[in-house]
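Chemist: Take a look at the following structure, please.
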Amino acid sequence: MSEYAAARLNMVEGQIRPNKVTDQRLVDAMLAVPREQFVPKAARGIAYVDEDLAIGKGRYLMEPMVFARMLQEAGIGETDVVLDIGSGSGYSTAVLARLGATVVGIESDAELAQRATEALAGVGADNAVVITAPLTEGYPAQAPYDVIVIEGLVSDVPEGILGQLAEGGRLVAAVLGERGVGEVKLYQRSGGVTSGRILFEAHPRPLPGFEAKPKFVF
């Protein structure tokens, strides 16, 4: 077993399984995707650290445990069409590609999007594509989606993105709560109505563009 494969196994057995992640398809996906290929070369030695990992451009890969629990709650099926908002260097998109039928990743930074495209090709994720586009708009051209995942902390989820969910669709995101604490929320669309509920606390790095708007002071 290579050094990276051993680190990947340790990530799953030490960080993911002990933290309520029981979906075997998800566990297998995280064992299969070489996380070290989606980080800068200088950071490959810490690719499997149990915290948010900087990938450049002020962006981060989410802590593996938080990311895995979010995906488990989304309940991604083999026939699902998935939108990955803030795909960064493509790691999240690569994992999602092993769970769903088709994955559209959007990334606002063109350089990161190019890195993601190359990395996805390198791991054979031929059912995924990364497109350079504003994150806060989602990607209506390919909507509706069965699952939408937002890769970072947001102040709220724009209605325009929630509107891209298919009937029965799920969106999972870490949202900044009223107490200033990050809360992973699951939104579901049923009967044309979308509702959300809090799942657990988590505080990943903020995703650019989703900051809270300043309030007027009189």
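The values are calculated or read from the model by the stated rules, or taken from the named source; none is laboratory data. Worth saying up front: this structure is predicted, and the values here are computed from it rather than measured. Here the Cβ is made from the backbone with ideal geometry for all residues, glycine too, and neighbour counts use every protein chain on show. These area figures cover heavy atoms from the full protein model, side chains too; ligands, DNA and RNA do not enter into them. Shrake-Rupley method; radii C 1.70, N 1.55, O 1.52, S 1.80 Å.
Chemist: What is the sum of charges, Lys and Arg at +1 and Asp and Glu at -1, for the other residues whose Cβ falls under 11 Å from the Cβ of GLN164?
Modeler: -2
Chemist: Let me have the relative contact order for the chain, percent, based on Cα pairs under 8 Å that are six or more residues apart.
Modeler: That works out to 15 percent.
Chemist: Compute the longest continuous run of the chain that contains no exposed trypsin sites (Lys or Arg not before Pro); treat a site as exposed when its DSSP state is not H, G, I, E or B and it has at most 13 other Cβ atoms within 10 Å.
Modeler: Here the longest segment lacking exposed loop sites spans 21-178.
Chemist: Moving to a separate point now. With every protein chain left in place, what is the accessible area per residue of the chain in square angstrom, probe 1.4 Å?
Modeler: 47
Chemist: Grab the DSSP H runs of the chain that are 4 residues or longer, score each as -39,500 (n - 2.57), total them, divide by all residues and round the 222 nm result to the nearest 500 deg cm²/dmol.
Modeler: Computed ellipticity for the chain at 222 nm equals -7000 deg cm²/dmol.
Chemist: Expressed in nm², what is the orientationally averaged projection area of the convex hull enclosing the Cα positions of segment 139-218?
Modeler: 6.2
Chemist: Shifting gears a bit: On a full-extension model of 0.36 nm per residue, what is the gain between SER2 and LYS41, subtracting their alpha-carbon distance, rounded to one decimal in nm?
Modeler: This chain segment gains 12.4 nm when fully extended.
Chemist: Moving to a separate point now. Loop-only check: which GluC sites (Glu not before Pro) in segment 109-218 are DSSP coil with at most 11 other Cβ within 10 angstrom?
Modeler: Numbers: sites: GLU111, GLU118, GLU137, GLU151, GLU159, GLU167, GLU178, GLU183, GLU201, GLU211; in loops: GLU178, GLU211.
Sparse-neighbourhood loop GluC sites (Glu not before Pro): GLU178.
Chemist: Step by step: find N for segment 27-123, compute 2.2 N^0.38 Å, then divide the Cα radius of gyration by it. What's the final number?
Modeler: 1.00
Chemist: Please find the FRET efficiency linking LYS213 to LYS57, where r is the Cβ-Cβ separation and R0 is fixed at 25 Å, and quote it to the nearest 0.05.
Modeler: For R0 = 25 Å, the calculated efficiency reads 0.60.
Chemist: Compute the distance from the alpha-carbon center of segment 72-123 to that of segment 13-66, in whole Å.
Modeler: After rounding, the separation between the Cα centres reads 14 Å.
Chemist: Would you kindly work out the equivalent ellipsoid of segment 38-90 from its C-alpha gyration tensor and give its semi-axes, the square roots of five times the eigenvalues, largest first in whole Å?
Modeler: After diagonalising the Cα gyration tensor, the semi-axes are 23, 13, 9 Å.
Chemist: Kirkwood hydrodynamic radius of the chain from all distinct Cα pairs, in Å?
Modeler: 17.2
Chemist: Right, another one. Where the accessible area of the chain is counted over protein heavy atoms with a 1.4 Å probe, how much of it, in %, is carbon and sulfur? Numbers along the way, then the final one.
Modeler: Values: 5160 of 10220 Å².
On the chain, the fraction of accessible area on carbon and sulfur atoms equals 51 percent.
Chemist: Please compute the length gained on full extension between GLU111 and LEU199, using 0.36 nm multiplied by the number of residues separating them and subtracting their Cα-Cα distance. It would help to have the intermediate numbers written out before the result.
Modeler: Numbers: separation 88, 0.36 × 88 = 31.68 nm, distance 3.34 nm.
Extra length from GLU111 to LEU199 when fully extended: 28.3 nm.
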